[in-house]
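The values are calculated or read from the model by the stated rules, or taken from the named source; none is laboratory data. From a predicted model like this one, the values you see are computed outputs, not experimental measurements. Virtual Cβ from ideal backbone geometry, glycine too; neighbours counted across all protein chains shown. Each accessible area value is taken on the protein alone, full model and side chains, heavy atoms only, with ligands, DNA and RNA left out. Shrake-Rupley method; radii C 1.70, N 1.55, O 1.52, S 1.80 Å.
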Amino acid sequence: MNKIAVFTMVVAGTVASLAMAQESPFQFNGFVDTYHAAQTEWPHDMTSSRTRLRTELRVDYENAYLFASLNATHNSVLDDRTGVQLQEAYFNYTNSVLDIRAGRQIVVWGVADGLRVTDLISPVDYTEFMSSDYDDLRMAVDGFRIKYPGERVNAEIVYVPVPRYFQMPIQEDNPWRPNMPENATFDFPEGPDARFKNGDFGTRLSFFLSNFDFSVSALHTHNQSPVTVASYDIEKDSIIIHGVHETMTMFGGDISMPLGEFVIRAEVAEYLGEALGYRSNFDYARKNTFNALGGIDWYAGNNWTFMVQYLHKYIADYSDELSAEKNTSEMTFRISKELLNNTLKLSLYGMFDIDNLAYYGRASGDYALTDQVTLSAGYDHFGGKRGQLAQYKKNREVWAKAKYYF
């Protein structure tokens, strides 16, 4: 671990000691986790191997507080991922009519589980693809959020001056790098130029009724996941894969309704001017798309939980030259069971790319050894005919994880 990471741990330990020694406005906590995964097929390479220290500090003062969290990571597979990163750092002020937050923060919209319909503000880090929990995949954005925190109605305004984009597995030594020609290089921006016109801004109204909750939202943003466009550099005899991020506007809504042992969830969104790639991979188009998700959760008793979701996308003014089909769909499911006085949780998660006949599955077990220590292990399976999930067949893997909270 580098010197900055060691220094961070020393400072974190000092603050924790002071906070425990006497009552103070300082609250310090965090965790250490370590995750390691290896291919089940030859040559049994490591697909992930990382150890992380997360430190979180909150300082309260009357109606306001400061919050900051850091990740100090050592990654044995991806050297450039080793170091200290600022996860979140923001100022929050609350009174009876306003909740104001300014700084680096994670913004979550919608009711979907791991699928994005209206949840388009905080991007996702796919550097190691599905090797992290979805909450850990989320990336914070530097922005402002103003909310009216009513009991029955919430009104929220978000502005992100400099948006961030998805981080993709494009490093040459990354086992999750997509299949590309040997002479291909990537040109993916991390975000747009710092100009007012390039900022993301949106609003959301949430209503909490006796029988159900629902929200309506509008957002001017970018397609955070890159649309790839290829060009050829004659001098370098190289193919350059450019990541294109165009502005677009989203109008959407979501609803969540409990019905006994069940919870019904749904999201819909219209994307105006979404960038979509052509099959030729040398250009892209901008189209209006309709996106709809439906899900149901069943809390069946005896610590059983079942979840299923279906997502459908429709492209208006369709052209056969587009790389995507006019109608595309995917499904996810999750089954879990808690045992041994809720200390052991067994889970099965699945994702189906229906159009490409591809799938991903994860079987896992989490055991709470103590209130502070959790041990986990599992198996990830990729397969199918075509598409992103199918190309990762070589990365079918077994993995183990340990986590200590302090």
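Which is part of a loop (DSSP other than H, G, I, E, B), hydroxyl-bearing (Ser, Thr, Tyr) and touching a Phe, Trp or Tyr at 6+ places or on another chain (Cβ under 6 Å), of Ser225, Ser210? Walk me through it before giving the result.
Values: Ser210 fails: touching a Phe, Trp or Tyr at 6+ places or on another chain (Cβ under 6 Å).
Criteria check complete, one pass: Ser225.
Can you tell me which residues in the stretch 69-96 are β-branched (Val, Ile, Thr) and outside any strand (DSSP E or B)? The answer is Val77, Thr82. For Ala324, state whether it is among the hydrophobic types (A, V, I, L, M, F, W, C) and part of a loop (DSSP other than H, G, I, E, B). The answer is yes for Ala324. Give me the residue from the stretch 18-56 that is more than 27 Å from Val77 (Cα to Cα) and at pLDDT 50 or above and, out of that set, nearest to the chain's Cα centre (by Cα). For the stretch 18-56, the residue satisfying everything is Asn29. Return the residue satisfying two criteria in turn: it lies in the stretch 226-257 and is open to solvent by 60 Å² or more (accessible area, probe 1.4 Å) and of a type in the set (Asp, Glu), and of such residues it is modelled with the lowest pLDDT. Taking the candidates together, the pick is Glu235. Please work out if Arg152 is among the basic types (Lys, Arg) and either closer than 20 Å to Asn174 by Cα or surrounded by 19 or more Cβ atoms within 10 Å (Cβ to Cβ) (or both). Against the criterion (among the basic types (Lys, Arg) and either closer than 20 Å to Asn174 by Cα or surrounded by 19 or more Cβ atoms within 10 Å (Cβ to Cβ) (or both)), Arg152 does not qualify. Pairs linking a residue in the stretch 124-141 that is in contact (Cβ under 8 Å) with a residue 24 or more places away in the chain and under 18 Å from Tyr359 (Cβ atoms) to a residue that is polar (S, T, N, Q) and open to solvent by 30 Å² or more (accessible area, probe 1.4 Å), with Cβ atoms under 8 Å and 6 or more positions apart or on different chains, are Tyr126/Gln167.
With respect to being among the acidic types (Asp, Glu), under 19 Å from the mean Cα position of the chain (by Cα) and either part of a strand (DSSP E or B) or closer than 21 Å to Phe214 by Cα (or both), Glu274 falls outside the description. Considered as a group, the residues in the stretch 50-68 that are of a type in the set (Ser, Thr, Tyr) and surrounded by fewer than 19 Cβ atoms within 10 Å (Cβ to Cβ) include one that is nearest to Gln105 (Cα to Cα), and that residue is Tyr65.
Just name the residue that is farthest from Val244 (Cα to Cα) out of those in the stretch 191-205 that are open to solvent by 100 Å² or more (accessible area, probe 1.4 Å) and not in a strand (DSSP E or B).
Top of the filtered list is Phe196.
In the set (1) within 30 Å of Tyr278 (Cβ to Cβ); (2) polar (S, T, N, Q); (3) open to solvent by 60 Å² or more (accessible area, probe 1.4 Å), the condition left unmet by Asn302 is number (1). Could we say that Glu151 is of a type outside the set (Lys, Arg) and closer than 30 Å to Met46 by Cβ here? The answer is no for Glu151. The residue list Asn223, Asn174, Asn183 contains one member that is loosely packed, with under 13 Cβ neighbours inside 10 Å and of a type in the set (S, T, N, Q), which is Asn183.
Here's the yes/no breakdown for (1) touching a residue at least 24 places away in the same chain (Cβ under 8 Å); (2) polar (S, T, N, Q); (3) touching a His at 6+ places or on another chain (Cβ under 8 Å); (4) open to solvent by 50 Å² or more (accessible area, probe 1.4 Å):
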{"position": "Ala37", "(1), (2), (3), (4)": "yes, no, no, no"}
{"position": "Pro43", "(1), (2), (3), (4)": "no, no, no, yes"}
{"position": "Asp80", "(1), (2), (3), (4)": "yes, no, no, yes"}
{"position": "Ile106", "(1), (2), (3), (4)": "yes, no, no, no"}
{"position": "Ala112", "(1), (2), (3), (4)": "yes, no, no, no"}
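If the condition is being among the hydrophobic types (A, V, I, L, M, F, W, C) and over 21 Å from Leu115 (Cβ atoms), then the stretch 207-235 contributes Phe207, Phe208, Leu209, Val229, Ala230, Ile234.
Once the stretch 230-256 is narrowed to residues that are in a strand (DSSP E or B), without any contact (Cβ under 8 Å) to a residue 60 or more places away in the chain and under 24 Å from the mean Cα position of the chain (by Cα), the residue that is nearest to Asp297 (Cα to Cα) is Phe251. Yes or no: Ser217 of a type outside the set (A, V, I, L, M) and buried (at least 18 other Cβ atoms within 10 Å of the Cβ)? Considered against the rule, which asks whether it is of a type outside the set (A, V, I, L, M) and buried (at least 18 other Cβ atoms within 10 Å of the Cβ), Ser217 comes out as yes. The lone criterion from (1) in contact with a Pro (Cβ under 6 Å, 6 or more places away or on another chain); (2) among the acidic types (Asp, Glu); (3) open to solvent by 30 Å² or more (accessible area, probe 1.4 Å) left unmet by Asp99 is number (3).
In the stretch 284-318, which residues are outside any strand (DSSP E or B) and either at pLDDT below 95 or closer than 22 Å to Arg334 by Cα (or both)?
Asn302, Asn303
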